[in-house]
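Only one structure is covered here, and it is reproduced in the block below.
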């Protein structure tokens, strides 16, 4: 089983239709390669981080590094 097949199967188990799961898998693999090169980290570490983010997103969780970004819970304009 190739890496594409493995990641596609994971995306399918998370609920994506087969065609979409394959597109997602290819995008994740490409992004893992980019992150590994940008950060000079092992490719497996980059993929692990992406897959953890996918799993948290599927569970409705916000990864810690994104928590609180862009949302304050308050409106920026208030009536006086």
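Quick notes
- Angle in degrees between helix 43-58 and the longest Cα principal axis of the chain, rounded to the nearest 10: 50 degrees
- Using the rule -39500 (n - 2.57) for each DSSP H run of four or more residues, divided by the residues of the chain, the 222 nm mean residue ellipticity is -20500 deg cm²/dmol.
- Order by protection proxy (mean Cβ within 10 Å, highest first), peptides 50-62, 20-32: 20-32, 50-62
- The alpha-carbon positions of the chain define a convex hull whose volume is 134 Å³ per residue.
- Cα-based helix-to-principal-axis angle, 18-39 vs the chain, degrees rounded to 10: 80 degrees
None of the figures in this text is laboratory data; all of them are computed from the coordinates on show. Computed from a predicted structure; not experimentally measured. Backbone-built Cβ (ideal geometry, glycine too); neighbour counts: all protein chains shown.
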